[in-house]
Amino acid sequence: MNRRQLLYSTGLGLVGAAVVRADAVLTDSSPDAKNPPKPLPLADFVPRSMLQVQETHVPRSRFPLIDIHTHISVSSKSKHGVELAPERQYLGTPDELLAVMDRKNIRSMVNLTGGYGAGLTETIRRYDLAFRDRFYTFTEPSYSLFLKPDYPKLQAQAIEQAHQDGARGLKILKTLGLYLRANITSGRLVKIDDPRFDPMWDTCGQLNMPVAIHISDPVAFFTPTDRFNERYEELNHHPDWSFYGHDFPSNAELLEARNRMIARHPKTRFIVLHVGNFAENLENVSENLDRFDNMTVDIAARIGELGRQPRAARAFFDKYQDRILFGTDATPHGDDYPQQVFEDKLYEIYFRFLETNDEYFDYAPAKVPPQGRWRISGVHLPESILRKVYNGNAARELHVSV
Ligand SMILES: [Zn+2]
């Protein structure tokens, strides 16, 4: 079944038709009864913009960049959203990645999902050690140990071991808060500020390892997948991304638990991914950045959000220019997620967003905008800010020099 058939079979076509019919009622006076307006399925609606505006092609970033948020390896085994094995699956070979990196001016890729144990050391051997400073790998928690009575201590020791093995930081997937449960894959959801993780956060602080943390998800994922949902097509295509109902906490509850945890660990550095996990509300992200000195954010997979509020986004970049890191969420061969597929075109869109004044362009290389049907405008950052966002801020957090 291809994507279009899927959309039809899951009811998208019907919604499209319903919308047009409602419209027809409103324009009741118009066409003659013999030729009523034809329903048009939403999936078939791909309007071509008639705007004639500046189109700037930016093939290389203005400065060498560190992509703080990529996924080159992933866990080979997970259940109900929880990774359960150290073994890794590799999504791209160093050679194919380096070719794109050299063309786009990508100095380094940070592979956040390096796992732990043998999987981690193998990943570091294949990438970080084979191509110095081109790849950095982060470790992840060993949730399979979660039920052991001394888990807090074991997890802290695992972080120390990962540090010795060459891991540059710790990555927390949205598993924490949305998937990890009292009995790992069953029972009540475990809270983000559960004290059993305290030694893990503290150890990261002691070892100068930043924590890249993804909490919650776009706010629309917590609302019903219906015709009012601005990310309807995306959720319809990935129904498992919806966190509406069941026993899921609200977005606000997740962010509050995260904030309580960050407040408790002022000596640990947190890179709060996806624009602090609330790109739809820059005022909220700003409040948290003001509150927590140990917090920075990346922009991965959220230029769609930033670029549809370009004036607020530009002010945000001005004010927090020392706290924003370049990231994409790039995944080699992640063809099902056009907003994060690792390829030249993806990076060129990020460069266009950051460096130009262009208006109304696609935020992802896709026929239909994959994260909501809108387009974005660039924020045209000055060189001084570009330099920090492309590499300065990340170099500081990773303790490397560019
Ligand atoms: Zn990611």
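Tabulated data
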{"quantity": "Hits in the range 269-295 - residues which are surrounded by fewer than 23 Cβ atoms within 10 Å (Cβ to Cβ) and of a type in the set (S, T, N, Q)", "calculated": "Asn281, Asn284, Ser286, Asn288, Asn294"}
{"quantity": "Cβ pairs under 6 Å, 6+ apart, first in the range 220-234 and in the same structural domain as Gly304 (by TED's automatic domain parsing) and among the aliphatic types (A, V, I, L, M), second surrounded by fewer than 19 Cβ atoms within 10 Å (Cβ to Cβ) and not in a helix (DSSP H, G or I)", "calculated": "Ala220/Asn229; Ala220/Glu230"}
{"quantity": "Those helices (runs of 4 or more DSSP H) lying entirely in the range 82-185 with at least 1 residues away from the ligand (no atom under 16 Å from the Cβ) and surrounded by fewer than 19 Cβ atoms within 10 Å (Cβ to Cβ)", "calculated": "94-104, 117-126, 151-165"}
{"quantity": "Enumeration of residues in the range 70-81 that are within 13 Å of the ligand (Cβ to nearest atom) and free of Cβ contacts under 8 Å to residues at least 40 places away in the same chain", "calculated": "Val74"}
{"quantity": "Residue in the range 262-269 that is over 29 Å from Ala366 (Cβ atoms), part of a strand (DSSP E or B), of a type outside the set (Gly, Ala, Ser) and in the same structural domain as Pro86 (by TED's automatic domain parsing) present", "calculated": "no"}
{"quantity": "Checking Gln52 against (1) assigned by TED's automatic domain parsing to the domain that holds Ile385; (2) more than 16 Å from the ligand (Cβ to nearest atom); (3) not hydrophobic (A, V, I, L, M, F, W, C), the condition it does not meet", "calculated": "(1)"}
{"quantity": "Residue among Pro249, Pro332, Pro338 that is closer than 26 Å to Thr113 by Cα, without any contact (Cβ under 8 Å) to a residue 60 or more places away in the chain and surrounded by fewer than 21 Cβ atoms within 10 Å (Cβ to Cβ)", "calculated": "Pro338"}
{"quantity": "Residues satisfying the stated conditions in the range 60-69, i.e. away from the ligand (no atom under 15 Å from the Cβ) and not aromatic (Phe, Trp, Tyr)", "calculated": "Arg60, Ser61, Arg62, Pro64, Leu65, Ile66"}
{"quantity": "From Asp298, Asp322, residue being under 24 Å from Met209 (Cα atoms), in contact with a helix residue (DSSP H, G or I) (Cβ under 9 Å, 6 or more places away or on another chain) and buried (at least 17 other Cβ atoms within 10 Å of the Cβ)", "calculated": "Asp298"}
{"quantity": "Pair list, Cβ < 7 Å and 6+ apart or interchain, from the range 172-183 residues that are outside the structural domain of Asp194 (by TED's automatic domain parsing) and modelled with pLDDT of 95 or more to residues that are part of a helix (DSSP H, G or I) and within 14 Å of the ligand (Cβ to nearest atom)", "calculated": "none"}
{"quantity": "Complete set of residues in the range 273-301 that are within 15 Å of the ligand (Cβ to nearest atom) and out of contact with any Leu (no Cβ under 9 Å at 6 or more places or on another chain)", "calculated": "His274"}
{"quantity": "Residue match in the range 311-328 (condition: farther than 20 Å from Arg62 by Cα, within 16 Å of the ligand (Cβ to nearest atom) and not charged (D, E, K, R))", "calculated": "no"}
{"quantity": "Residue list for the range 242-260, restricted to those being in contact with a Gly (Cβ under 9 Å, 6 or more places away or on another chain) and small (Gly, Ala, Ser)", "calculated": "Ala257"}
{"quantity": "So Leu51, is it in a loop (DSSP other than H, G, I, E, B) and either modelled with pLDDT of 50 or more or over 27 Å from the mean Cα position of the chain (by Cα) (or both)", "calculated": "yes"}
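The values are calculated or read from the model by the stated rules, or taken from the named source; none is laboratory data. Nothing here was measured: the structure is a model prediction, and the numbers come from that model. Every residue, glycine as well, gets a Cβ built from its backbone with ideal geometry; the counts of neighbours run over all protein chains shown.
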